[in-house]
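K.L.:
Please read through the structure below; I'll follow up with questions.
The values are calculated or read from the model by the stated rules, or taken from the named source; none is laboratory data. Note that the structure is predicted; figures quoted are calculated from it, not measured. Ideal geometry is used to build each Cβ from the backbone, glycine not excepted, and the neighbour counts take in all protein chains shown.
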Amino acid sequence: MKKIAVVGKVNIDTFIHVEKLEYGRNHLSKRVYTDVGGKGANTAAALAKLGFEAVLLASVGSDSSGKSALKRLEKLGVDTSLVNFSSSHTGRTFVVVDNQGQNTMFHALGANKDLLAENVNWIFLENSSIVFVQFGIPIETAREVVVMAKRNGKTVFVDPGGLESEVPFDILPFIDIIAPNESELFALSGKDTVEKGAKSLISRGIETVLVKQGKKGASLYTAKSSFHFNAYNVNVVDTTGAGDAFNGAFIAAMILKMDPYDALKLAVASASLAVQKKGTSSSSPVREELMGFLKERGEDALLKLLIM
């Protein structure tokens, strides 16, 4: 089985829990902790925890934070041999989480901004079948990776979270699957409903649009079909890493050749487990945990598909 190449950010995430976030007032936090984060790190970790080989292409500082982040990812089973070391500090994200599990983030890109195309080790194209790219890295790097991956016959999966520049419409036809949340979908498409937004992206050449809808679940759109799967009813602790757990599980389902509906259901189940735990890379489930969740929910048919 070939590896999944994951191109994206690595951060040290600092979580600050408050009762309620209000602008202009002081807040008392009774719980503060750190985790390894960034969509690149989180998605690679989610895949590794489910038993799949993921190689991470990213940029971290040569500081202690960068070294500890990579050590943590390696312990989870992520291949970090293609990670670039930068003279900038390792990326930092400060996450404020309220008592409903909702979050607000503050980012310091640091070394993530140094993930330039000239620093990418292109050998990953020889050893991967699926390439995941996030838009939070320098857009020119994302553009080159997406185009090169597609031209080399890879399946290209993009998470547009973190896009700070204008929408790169020129590379949309090179994307097989894109997975925005609702606000990202509206920003990318210029539309005001999920269906219109998804159809707009499909008209620009993307084959599959996955829409992450939080507590409402998720939807999948192609040119020929669409369907929705509701979120599982769970106790929400922290939503921060849910989207990345979703990404990892959907890619895992693709590798296992599940049909799109089962793949979407598996991704929603993984995200439902992630929101019940604090943290980012730490919140995505291990394989046994996901299988146990499916068994508890009576998803026996899906459970059988997950057994390799």
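K.L.:
Got a sec? Which of Lys30, Lys3, Lys20 is at pLDDT below 95, surrounded by 16 or more Cβ atoms within 10 Å (Cβ to Cβ) and of a type outside the set (Phe, Trp, Tyr)? Walk me through it before giving the result.
P.N.:
Numbers: Lys30 fails: surrounded by 16 or more Cβ atoms within 10 Å (Cβ to Cβ); Lys20 fails: surrounded by 16 or more Cβ atoms within 10 Å (Cβ to Cβ).
On inspection, the qualifying residue turns out to be Lys3.
K.L.:
Which pairs turn up if I take residues in the stretch 126-139 that are without any contact (Cβ under 8 Å) to a residue 24 or more places away in the chain and crowded, with 22+ Cβ neighbours inside 10 Å and look for partners that are in a loop (DSSP other than H, G, I, E, B) and not hydroxyl-bearing (Ser, Thr, Tyr) with beta carbon separation below 7 Å, at least 6 apart in sequence or on another chain?
P.N.:
none
K.L.:
Sort through Val286, Val268 and tell me the only one that's closer than 24 Å to Gly101 by Cα, of a type in the set (Val, Ile, Thr), surrounded by 18 or more Cβ atoms within 10 Å (Cβ to Cβ) and touching a residue at least 40 places away in the same chain (Cβ under 8 Å).
P.N.:
Working: Val286 fails: surrounded by 18 or more Cβ atoms within 10 Å (Cβ to Cβ).
After ruling out the rest, the residue left standing is Val268.
K.L.:
Here's another thing I want to ask about it. Give the number of residues within the stretch 1-47 that are over 30 Å from Ile123 (Cβ atoms) and among the β-branched types (Val, Ile, Thr). Reasoning before the result, please.
P.N.:
Pass one, the stretch 1-47, residues over 30 Å from Ile123 (Cβ atoms): 14-34.
The next check asks that each one be among the β-branched types (Val, Ile, Thr); those that pass are 14, 16, 18, 32, 34.
Final tally of qualifying residues: 5.
K.L.:
Any idea which of (1) surrounded by fewer than 18 Cβ atoms within 10 Å (Cβ to Cβ); (2) more than 30 Å from Tyr23 (Cα to Cα); (3) in contact with a Ser or Thr (Cβ under 8 Å, 6 or more places away or on another chain) is the one Phe94 doesn't satisfy?
P.N.:
Tallying (1) surrounded by fewer than 18 Cβ atoms within 10 Å (Cβ to Cβ); (2) more than 30 Å from Tyr23 (Cα to Cα); (3) in contact with a Ser or Thr (Cβ under 8 Å, 6 or more places away or on another chain), Phe94 fails exactly one: (2).
K.L.:
Also, quick follow-up: Which residue is nearest to the chain's Cα centre (by Cα), if the candidates are limited to the stretch 200-238 and must be closer than 30 Å to Gln100 by Cβ and polar (S, T, N, Q)?
P.N.:
Looking at the filtered set, the residue picked out is Gln213.
K.L.:
So, restricting to helices (runs of 4 or more DSSP H) that lie completely within the stretch 191-308, which ones have at least 1 residues that are under 20 Å from Val156 (Cα atoms), of a type in the set (D, E, K, R) and at pLDDT 95 or above?
P.N.:
On the way: elements: 194-203, 242-255, 260-274, 287-296, 300-306.
Those helices (runs of 4 or more DSSP H) span 194-203, 242-255, 260-274.
K.L.:
Take Leu188 and decide whether it is over 22 Å from Ala46 (Cα atoms), touching a Gly at 6+ places or on another chain (Cβ under 6 Å), of a type outside the set (Asp, Glu) and assigned to a helix (DSSP H, G or I).
P.N.:
On the way: over 22 Å from Ala46 (Cα atoms): yes; touching a Gly at 6+ places or on another chain (Cβ under 6 Å): no; of a type outside the set (Asp, Glu): yes; assigned to a helix (DSSP H, G or I): yes.
No.
K.L.:
Can I ask one more? Could you check Ala111 against (1) in a loop (DSSP other than H, G, I, E, B); (2) crowded, with 19+ Cβ neighbours inside 10 Å and say which number it fails?
P.N.:
Evaluating Ala111 over (1) in a loop (DSSP other than H, G, I, E, B); (2) crowded, with 19+ Cβ neighbours inside 10 Å leaves (1) as the failure.
K.L.:
List, please: which pairs have Cβ atoms under 9 Å, are six or more places apart or on different chains, and start with a residue in the stretch 83-106 that is under 17 Å from Gly66 (Cβ atoms) and without any contact (Cβ under 8 Å) to a residue 60 or more places away in the chain and end with one that is in a strand (DSSP E or B) and polar (S, T, N, Q)?
P.N.:
Asn84/Ser59; Phe85/Ser59; Ser86/Ser59; Ser88/Ser59
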